[in-house]
Amino acid sequence: MIKYNRISFFEREEISRNIALGLSLRAIAYSLNRAPSSISREIRQSKVIEIKYYRAIFAQQQSNKTRHKLRKNRKLVNNALLRKFVLSHLAKNWSPEQIAKRLILLYPNDMDMRISHQTIYSYVYVLPRGTLKRQLVASLRRHHKHRHKRKNSERGGPITDYLNIEERPKEVADRIIPGHWEGDMLLGSYHDSCIGTLVERTTRMTLLVKLATQSSSAFRTAFAEKFRHLPKGLKKTLTYDQGKEMAQHKLFTKETNITVYFAHPHSPWERGTSENTNGLLRQYFPKGADFTKISKERLKMVQDELNDRPRKTLGWYTPHEKFAELLR
């Protein structure tokens, strides 16, 4: 097997100089005794817009960043005990975050047994193709064959100047007085499509909102329109997570007189009604569903069917029946 040698800074200077002289990539590769594909890959990885902008110093900095990322994975390569713990618990369907947090509890004073969940993900995805990689990827929650970058969708700016869930009136938590809602967003395939969900906490009445985009203005407008048809006494508060789609919460409150409270990050139990409803909705819309192909009529049919289900928590009455009592 021929050992591959990384391109050196001297070679990068030669590449930059020869590009300025107008030489072709094949000619540059020949002068450095490199494969043309190696030169092409080097220029591509330097992330320049056009080949004429390639510079040795910037390409070297980019290479150093990449090598630093690779070094992070060596902890699992060199530490057999840590690697055994991580791999065995991945096989038990633990998430990388669960593994990383559990290690802190089990080995509070042993820094060699510390690793971030991001490094575990990186380790899994840089493994060469083979049985081990297939087994590890299969144990991850989403089973993606390749790691997906998060898309910067236009979902508004960060949440600012908001009311924390701890400031919410006690009557909301007690579920005695109706008119308090929980909201969420259900994502579709590749996070490109979504629907909004609104659930009343005492009756479990569910409203589904079809959205064209994930922008904060689209959510504000669609939710406000959904609430517009309800009596004033049945629209008091809305509890939401800190998703950026609710960045326009101040304007939403001004338009609807509904006060919005935000749960703590990564605390789904603070919006248990909404989380439970999302689980029920997945029976109709499995993960990967494309909501752009789902009509408003289909969404309304699912909404009605969900609200016509008898619920144990409602004494086997349906959300429709309990909500209708409030409208009398």
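Scanning segment 207-232 for residues that are touching a helix residue (DSSP H, G or I) at 6+ places or on another chain (Cβ under 7 Å), part of a helix (DSSP H, G or I) and hydrophobic (A, V, I, L, M, F, W, C) returns 219, 223, 224, 227. In this structure, residue 88 does not satisfy being of a type in the set (S, T, N, Q), outside the structural domain of residue 219 (by TED's automatic domain parsing), modelled with pLDDT of 75 or more and under 30 Å from residue 206 (Cβ atoms).
If only residues of segment 270-299 that are hydroxyl-bearing (Ser, Thr, Tyr) and part of a helix (DSSP H, G or I) are counted, the one that is surrounded by the most Cβ atoms within 10 Å (Cβ to Cβ) is 274. Return the residues of segment 283-304 that are under 19 Å from the mean Cα position of the chain (by Cα) and over 15 Å from residue 209 (Cα atoms); say none if nothing qualifies. Selection gives 286, 287, 288, 289. If you check 292, 256 for being of a type in the set (Val, Ile, Thr), within 26 Å of residue 221 (Cβ to Cβ) and at pLDDT below 90, only one passes: 292.
Quick grid of which residues meet (1) acidic (Asp, Glu); (2) in contact with a strand residue (DSSP E or B) (Cβ under 8 Å, 6 or more places away or on another chain); (3) touching a residue at least 40 places away in the same chain (Cβ under 8 Å):
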| position | (1), (2), (3) |
| --- | --- |
| 76 | no, no, yes |
| 87 | no, no, yes |
| 98 | no, no, no |
| 101 | no, no, no |
| 110 | yes, no, no |
| 118 | no, no, no |
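The values are calculated or read from the model by the stated rules, or taken from the named source; none is laboratory data. Every value quoted in this text rests on a predicted model; they were computed, and no experiment measured them. Virtual Cβ from ideal backbone geometry, glycine too; neighbours counted across all protein chains shown.
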